[in-house]
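A.B. asks: This is the structure I want to talk about, given as structure tokens.
The values are calculated or read from the model by the stated rules, or taken from the named source; none is laboratory data. All figures in this text were calculated on a predicted structure; none of them were measured in a lab. A quick note on method: Cβ atoms are made from the backbone with ideal geometry, for glycine too, and the neighbour counts reach across all protein chains shown. Surface areas here come from the heavy atoms of the whole protein model, side chains and all, with no ligands, DNA or RNA. Shrake-Rupley method; radii C 1.70, N 1.55, O 1.52, S 1.80 Å.
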Amino acid sequence: MEVVLREVHDSDLPVFYRQMNDPESLRMAAFTPQDPADRDAFDAHWAKIRTSSVVLRTILAGGDVVGSAAVYGEPGEREVTYWVDRAYWGQGVATAALRALLAEVPERPLYARAASDNAGSLRVLEKCGFRRTATARGYAQARGEEIDETVLTLHG
């Protein structure tokens, strides 16, 4: 399956909203908005980031919108993030999308964070060259509790 990135289109937003409201995906992501079902907050967030310095891309797999990927933050502290529709987990889509994003954004170091029990996301990040560098604890809105978080770094 061909995986490509492109600019975010307005028509992608309803797909992203649906994806962000999948209960299993929310639990796995853990660090989510307080109320993912708040459509006004969702729309305001996406309007803000689409006009910011965030490198924001839609992930297409086989021509279908299956998620998003981004690099955000201040220089020297920039992080990657991605969200892939659960129907595409385990098919290499997240790895291919992250590799494409990293090719587009050559600055290093880059950082990433994942719930420490999110083995799939940690595997994707490590396949793309990120290395575990720290652990932290943070409040995971989607789980309603503090959980362990793994911090990863990608160097040149």
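A.B. asks: Scan the range 101-113 and give yes if some residue there is aromatic (Phe, Trp, Tyr), closer than 22 Å to TYR17 by Cα, in contact with a Ser or Thr (Cβ under 7 Å, 6 or more places away or on another chain) and not in a helix (DSSP H, G or I), otherwise no.
C.D. replies: no
A.B. asks: Could you say whether any residue in the range 100-109 is surrounded by 19 or more Cβ atoms within 10 Å (Cβ to Cβ) and not hydrophobic (A, V, I, L, M, F, W, C)?
C.D. replies: No, every residue in the range 100-109 fails to be surrounded by 19 or more Cβ atoms within 10 Å (Cβ to Cβ) and not hydrophobic (A, V, I, L, M, F, W, C).
A.B. asks: Can I ask one more? Please go through the range 1-27 and give me each residue that is of a type in the set (Val, Ile, Thr) and either under 15 Å from the mean Cα position of the chain (by Cα) or open to solvent by 40 Å² or more (accessible area, probe 1.4 Å) (or both), ordered by number.
C.D. replies: Within the range 1-27, VAL4, VAL8, VAL15 qualify.
A.B. asks: Looking at the range 117-131, is at least one residue modelled with pLDDT of 95 or more, part of a strand (DSSP E or B) and among the β-branched types (Val, Ile, Thr)?
C.D. replies: no
A.B. asks: Further question: Going through the range 80-99 one residue at a time, which ones are within 20 Å of THR32 (Cβ to Cβ) and open to solvent by 30 Å² or more (accessible area, probe 1.4 Å)?
C.D. replies: Listed by number, the residues that qualify are THR81, TYR82, TRP83, ARG86, ALA87, TYR88, TRP89.
A.B. asks: Right, here's the next one. When the range 45-78 is examined, which residues are found to be assigned to a loop (DSSP other than H, G, I, E, B) and of a type in the set (Gly, Ala, Ser)?
C.D. replies: Answer for the range 45-78, where residues must be assigned to a loop (DSSP other than H, G, I, E, B) and of a type in the set (Gly, Ala, Ser): SER52, SER53, GLY62, GLY63, GLY73, GLY76.
A.B. asks: Of the conditions (1) farther than 22 Å from ALA103 by Cβ; (2) in contact with a strand residue (DSSP E or B) (Cβ under 6 Å, 6 or more places away or on another chain); (3) aliphatic (A, V, I, L, M), LEU13 clears all except one; give me its number.
C.D. replies: For LEU13, the exception is condition (2).
A.B. asks: Taking interchain pairs and intrachain pairs at least six residues apart, which have beta carbon atoms under 6 angstrom, with the first residue in the range 82-100 and farther than 9 Å from ILE59 by Cβ and the second part of a loop (DSSP other than H, G, I, E, B)?
C.D. replies: Sorted first by the residue in the range 82-100, then by its partner, the pairs are ARG86/ASP22; LEU98/CYS128; ARG99/CYS128.
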